[in-house]
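Beneath this line is the structure, given in structure tokens, with notes to follow.
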Amino acid sequence: MKILVAGGKGQLGTDCVQVFRETHDVLAIDLDELDITRLVDLETLVKKFLPSTIINCAAYTQVDNCETEKDLAWNVNVIGTENLVKCVEKHGGRLIHISTDYVFDGSKKVPEPYVETDEPNPVSYYGKTKYESEKVVRSVSDRHVIVRPAWMYGVNGHNFLKTMLKLALKNPENEIRVVDDQYGSPTWSYELALQIERIIDADAGGIYHATAEGYCTWFELAGYFPNKMQVHHTIVPCTSEEYPTRAQRPKNSILENRHLKEKGINIMAQWQEDIDQFVSIFREDLVAEKIKGK
């Protein structure tokens with residue numbers, strides 16, 4: 001199968017390339033090679049490669065910056081997605097679109113999770129652009145898959161776990177304040193790539209939540225990870241009000257993988273199990289990366 005991965009150098013895109021290259025012909029593109037907001041360039045590539053599947057991992061994900069860089073966020077997250085949909089409609093194949101937990105407002109009482117049939121109501125501009133991208137995919141393409149992960153981390157790119165590790169290594173005695181009233185399911189990008197593979201193999205369509213099982217707060221995650229890494233830290237809890245950000249975050253980002261389970265293709269493990277495996281594989285590399293200041 002020919003698979004085109006947009007955003008192929010990002011956190012999830014890199015893992016998708018690694019997973020799918022084992023059995024498929026994979027072409028990865030990123031901003032430095034092709035801008036998906038430029039339809040003519042994108043269509044030229046798609047017409048030449050003729051992928052049977054396009055996985056859209058490309059997105060502008062700097063949540064706080066989206067509040068001020070709205071044109072950029074809209075162009076990448078909505079127009080870029082629309083262009084990919086147009087290429088699928090014109091040249092065939094199917095689109096696997098990666099969305100986010102931020103399409104929900106987080107107002108459900110914890111631990112009640114969000115399911116695929118719940119009505120989105122984003123409270124940040126980033127969430128709004130991702131919801132609009134979902135609507136574009138659903139309105140134009142009959143053969144679509146929308147995957148909603150949450151709280152993603154991986155060995156590639158920037159993420160919350162790497163930030164916590166960097167701060168702890170820099171000054172172990174310095175207090176790191178982390179919010180303890182936002183809940184979600186930390187999701188390993190490599191496991192998500194394997195889950196996407198299962199969705200494609202099952203020829204499944206529609207919307208799928210795909211997160212690790214179980215949930216925690218950012219504070220709980222911030223403590224669990226460095227403990228497993230055997231890195232001394234001083235992490236203290238705070239409220240969202242005590243740590244204001246430009247963009248509003250959902251208080252409840254717990255997603256239930258209901259549709260994956262209904263189809264018998266859910267492979268996501270408990271979040272602690274994934275963290276443990278992630279650390280066992282990448283601990284030395286992660287520490288070396290942060291010591292070098294990356």
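Worth pointing out:
- Test for Gln277: is it closer than 25 Å to Gln18 by Cβ, surrounded by fewer than 16 Cβ atoms within 10 Å (Cβ to Cβ) and in contact with a strand residue (DSSP E or B) (Cβ under 7 Å, 6 or more places away or on another chain): no
Yes/no per residue for (1) among the aromatic types (Phe, Trp, Tyr); (2) free of Cβ contacts under 8 Å to residues at least 60 places away in the same chain; (3) part of a loop (DSSP other than H, G, I, E, B):
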{"site": "Val236", "(1), (2), (3)": "no, no, no"}
{"site": "Glu241", "(1), (2), (3)": "no, yes, yes"}
{"site": "Pro244", "(1), (2), (3)": "no, yes, yes"}
{"site": "Gln272", "(1), (2), (3)": "no, yes, no"}
{"site": "Asp276", "(1), (2), (3)": "no, yes, no"}
{"site": "Val279", "(1), (2), (3)": "no, yes, no"}
{"site": "Val287", "(1), (2), (3)": "no, no, no"}
{"site": "Gly293", "(1), (2), (3)": "no, yes, yes"}
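- Residue satisfying all of: in region 117-143; closer than 22 Å to Val88 by Cβ and open to solvent by 50 Å² or more (accessible area, probe 1.4 Å); modelled with the lowest pLDDT among these: Asp142
- Which listed residue is among the acidic types (Asp, Glu) and within 27 Å of Ala202 (Cα to Cα), from Asp64, Asp101: Asp101
- Region 144-162, residues that are within 14 Å of Tyr224 (Cα to Cα), more than 13 Å from the chain's Cα centre (by Cα) and surrounded by fewer than 22 Cβ atoms within 10 Å (Cβ to Cβ): Lys162
- Test: Tyr208 is crowded, with 17+ Cβ neighbours inside 10 Å, modelled with pLDDT of 95 or more, part of a strand (DSSP E or B) and not polar (S, T, N, Q): yes
- Listed here are the strands (runs of 3 or more DSSP E) enclosed by region 1-116 that have at least 3 residues being surrounded by 22 or more Cβ atoms within 10 Å (Cβ to Cβ): 2-6, 53-56, 94-98.
- Count of region 163-197 residues which are under 17 Å from the mean Cα position of the chain (by Cα), touching a residue at least 12 places away in the same chain (Cβ under 8 Å) and open to solvent by 50 Å² or more (accessible area, probe 1.4 Å): 2
- Qualifying residue in region 16-23 (condition: of a type outside the set (D, E, K, R), in contact (Cβ under 8 Å) with a residue 12 or more places away in the chain, in contact with a Ser or Thr (Cβ under 7 Å, 6 or more places away or on another chain) and under 30 Å from Val123 (Cα atoms)): no
The values are calculated or read from the model by the stated rules, or taken from the named source; none is laboratory data. Just so you know, these numbers come straight off a predicted model, no measurement behind them. Note that each Cβ is placed from the backbone with ideal geometry, even for glycine, and that neighbours are counted across all protein chains shown. Each accessible area value is taken on the protein alone, full model and side chains, heavy atoms only, with ligands, DNA and RNA left out. Shrake-Rupley method; radii C 1.70, N 1.55, O 1.52, S 1.80 Å.
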